Amino acid sequence: SAVISQKPSRDICQRGTSLTIQCQVDSQVTMMFWYRQQPGQSLTLIATANQGSEATYESGFVIDKFPISRPNLTFSTLTVSNMSPEDSSIYLCSVGSPGGTEAFFGQGTRLTVV
Amino acid sequence: GDSVTQMEGPVTLSEEAFLTINCTYTATGYPSLFWYVQYPGEGLQLLLKATKADDKGSNKGFEATYRKETTSFHLEKGSVQVSDSAVYFCALSDRGDSSYKLIFGSGTRLLVRP
């Protein structure tokens, strides 16, 4: 299994500001994933973070709004830019097991935009 | 594209009742199937998984069988406990180059009363 640490665990931010969420894994992984869980909703994949290349974004998500960094095989950041109340969600980092048969999740970052 | 459909909740049961949460999927390939659970105030945890047709995943008294002919992966438990109250997510993982990427159902909230 993989142990994933996310920081911060929660934050309350003013609209128009940006927040950077950090994800640290205890082992080297090829791909890391960022999900969003809006209040009362399911999880939606934002993007796949690949080490050494630009992140791959899912439909409806753009790099200007959610820039991602992946400087090495154990770390990634997701920034939520120019926040609005609609960005209030739980943001989760995920990695896969070798062989791709299981995904592990961080505890999530609960973001509230006021 | 691939998708997962879950029965809507909330599901309210008395302790020791039988539980079924329906999940069906649409996929072009041969996905792996998962049930994740989110207890109140906690992160997402893998409950069980199945990686090929006719596999049965099981954990903590929960079971689900990968049925390719009906494209289903229904979650069952013979006798629920109050501690099983949580949100349950069915998910699939495409076995292509993004094999760790998960597509989630909408989640089903289970409330078990004493």
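The values are calculated or read from the model by the stated rules, or taken from the named source; none is laboratory data. Source: prediction; values computed, not measured. Here the Cβ is made from the backbone with ideal geometry for all residues, glycine too, and neighbour counts use every protein chain on show. Protein only, heavy atoms only, side chains kept; ligands, DNA and RNA dropped before computing areas. Shrake-Rupley method; radii C 1.70, N 1.55, O 1.52, S 1.80 Å.
What to note about this one:
- By the Stokes-Einstein formula, at 0.890 mPa s and 25 °C, region B:1-59 with its Kirkwood radius over alpha-carbon pairs has D equal to 180 µm²/s.
- Peptide A:35-41 - average C-beta neighbours from other chains (10 Å radius): 2
- Note on chain A: with charges restricted to the Cβ of Lys and Arg (+1) and Asp and Glu (-1), its dipole about the Cα centre is near 220 debye.
- Protein-only accessible surface order, largest first, of B:Glu63, A:Glu54 at 1.4 Å: A:Glu54, B:Glu63
- With all protein chains modelled, accessible area of B:Phe34 [1.4 Å, Å²]: 0
- Spacing of the two label points (7 Å from each Cα toward its C-beta) at A:Asn82 and B:Asp54, in nm: 5.5
- Chain B: antiparallel DSSP beta bridges as a percent of all, rounded to 5: 90
- Pair-distance profile P(r), taking every C-alpha pair of the protein assembly as shown, with 5 angstrom steps and integer %: 1, 7, 15, 18, 18, 16, 12, 8, 4, 1, 0
- A Förster radius of 45 Å, combined with the Cβ-Cβ distance separating A:Lys65 from B:Glu15, puts the computed FRET efficiency at roughly 0.50.
- The per residue volume of the convex hull around the alpha-carbon atoms of region A:1-46 is 120 Å³.
- For region B:1-105, the equivalent ellipsoid derived from the Cα gyration tensor has semi-axes of 23, 14, 12 Å, listed largest first.
- Relative contact order, whole percent, for chain B stands at 37, derived from Cα pairs under 8 Å and 6 or more residues apart.
- Percent RCO, i.e. relative contact order, over chain A, from Cα pairs under 8 Å lying at least 6 residues apart: 37
- Centre separation in Å (Cα based) which lies between region B:32-61 and region A:1-26: 25
- Relative contact order for region B:47-114, counting Cα pairs under 8 Å that sit 6 or more residues apart, in percent: 22
- Region B:29-85: radius of gyration over Cα atoms, expressed as a fraction of 2.2 N^0.38 Å: 1.19
- Reduced Cα scattering model of chain A, Debye log10 I(q)/I(0), q = 0.10, 0.13 Å⁻¹: -0.26, -0.44
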